[in-house]
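What follows is a set of notes on a single structure, which appears directly below.
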Amino acid sequence: MKLNPGPDKKMVTLQSEKTSGRLTFEISELMSVEAQGNYSMFVLLQNNLVNREILHITMKAIEESLAEYEFIVRCHKSYMINIQHIEKVTGNSRGYLVHFNVDADPVPVSRNFQKNVMEVIRKFKDGF
């Protein structure tokens, strides 16, 4: 169900809000982002390996930085996902889980975001 990659070989650099840290990756490598207080954990698929990187940056700042990429979607108060890496969506109207096409933990989709997430998935993929 993988989407044909578009112009997503583009490199993205996110700067830490408080420290000198920065994270650079290809937008196509980003699988998900999880908020952990004022930090965020990025789950990246690099060379067929799942890597996790932590950066001192808020979800709001990430959302603003990645707004131009329609396939990067906020799916929960604490999560953002790249729908290009989704293998399947499970659950019911009480809650969904997004599963990736590699061995990574599923990500919850909260009820507040599920309508938008499902619309974006339908826009980019068939079969959901």
Electrostatic dipole magnitude of the chain [Cβ: Lys, Arg +1; Asp, Glu -1; Cα centre; debye, to 20]
360
Among Phe42, Ala67, Leu23, flag the residue with its Cα farthest along the positive direction of the charge dipole of the chain, charges on Cβ as +1 for Lys/Arg and -1 for Asp/Glu.
Ala67
Report the net charge of residues surrounding Leu55, where surrounding means a beta-carbon distance below 15 angstrom and charges are Lys +1, Arg +1, Asp -1, Glu -1.
-2
For the chain, with all protein chains present and a 1.4 Å probe, just round the carbon and sulfur fraction of the accessible area to a whole percent.
45
Applying the gyration tensor rule to the Cα atoms of the stretch 66-105 (axes a ≥ b ≥ c; rounded if a/c under 1.5, else prolate if a/b exceeds b/c, else oblate), the class is oblate
Listed residue (Gly91, Ile54, Leu14) projecting farthest to the positive dipole end of the chain, Cβ model:
Gly91
Report ³J(HN,Hα) in whole Hz for each residue of the stretch 61-73, in order, from the Karplus equation J = 6.51 cos²θ - 1.76 cosθ + 1.60 where θ = phi - 60°; Gly and Pro get x.
5, 5, 4, 5, 5, 9, 4, 6, 9, 5, 8, 9, 10
Convert each backbone phi in the stretch 89-101 into a coupling constant with the Karplus relation 6.51 cos²θ - 1.76 cosθ + 1.60 (shift: θ = phi - 60°), then list the ³J(HN,Hα) values in order as whole Hz, x for Gly and Pro.
10, 10, x, 9, 5, 7, x, 10, 10, 9, 10, 9, 7
Tell me, what is the per residue accessible area of the chain in Å², probe radius 1.4 Å?
58
Can you order the peptides 61-67, 19-25 by their average number of other Cβ atoms within 10 Å per residue, highest first?
61-67, 19-25
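The values are calculated or read from the model by the stated rules, or taken from the named source; none is laboratory data. Since the model is a prediction, treat every value here as computed from it, not as a measurement. Neighbour counts are summed over all protein chains in view; Cβ atoms, including those assigned to glycine, are modelled from backbone coordinates with ideal geometry. When the accessible area is computed, the model is the full protein with side chains, heavy atoms only, and any ligands, DNA or RNA have been set aside. Shrake-Rupley method; radii C 1.70, N 1.55, O 1.52, S 1.80 Å.
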